[in-house]
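One structure is given here, and the rest of the page talks about it.
The values are calculated or read from the model by the stated rules, or taken from the named source; none is laboratory data. All figures in this text were calculated on a predicted structure; none of them were measured in a lab. Methodologically, a virtual Cβ is constructed for each residue, glycine included, from the backbone with ideal geometry; neighbour enumeration extends over all protein chains shown. SASA here: full protein model, heavy atoms, side chains in, ligands and nucleic acids out. Shrake-Rupley method; radii C 1.70, N 1.55, O 1.52, S 1.80 Å.
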Amino acid sequence: MEQGTTVLLGLPGVAVRRVEIRADGGRVVHVVTADPDAAASPSCRVVSISCKEKVATRPRDIPYGTASLELVWHKRRWRCTQADCPQQSFTESVPQVPSRRRTTGRLRVAVARAVADNRSVAEVAANHRLGWACRRLSTSSPTWW
């Protein structure tokens, strides 16, 4: 059975290990990988048993209640031992937080919905603690977030 705080967080593929309360009332939620498929090489899909190092990332997530929420994901970097695999090392990832992403999928959906509801990009970015930069790739195509 899953731990109650893991169920409450509702982020598939990770498990809550501890929650800290900051001086400002915000929460820091420390999670670990709970999906065994996260140790599979993205290239050859062979599950690795050779841990290279442990790392921590801080993907942005949707707010929870009125207090801010900061995720700290303690995960592993694996070595792929398959000789023909082009991926020599990789970190754990889950569908909600794919490799090299700094935000959860549910945060990206929430931001896209807010912008689709005609809220300003600057307001949406500020409300979700995201930065955005507008740089023109062409005269008709701004790029943000």
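For the chain, the convex hull drawn through the C-alpha positions has a volume of 150 cubic angstrom per residue. What spacing in nm lies between the two simple spin-label points modelled at I62 and S43, each 7 Å away from Cα in the Cβ direction? About 3.6 nm, to one decimal. Pairwise Cα distances in region 72-134 exceed 12 Å in 75 percent of cases. When the chain is treated as a Gaussian network with alpha carbon springs shorter than 10 Å, the biggest mean-square fluctuation among T91, T66, T57 belongs to T66.
At a probe radius of 1.4 angstrom, the accessible area of region 1-103 per residue rounds to 63 square angstrom. Modelled spin labels at A15 and K52, positioned 7 Å past Cα toward Cβ, are 2.5 nm from each other.
In the chain, carbon and sulfur make up what percent of the accessible area (probe 1.4 Å)?
51 percent
Working note: 222 nm ellipticity from helices only, DSSP H runs with n ≥ 4, each -39,500 (n - 2.57), summed and divided by the residues of the chain, gives -4500 deg cm²/dmol to the nearest 500. Put the Cα centre of region 1-41 next to the Cα centre of region 65-124 and the gap is 14 Å.
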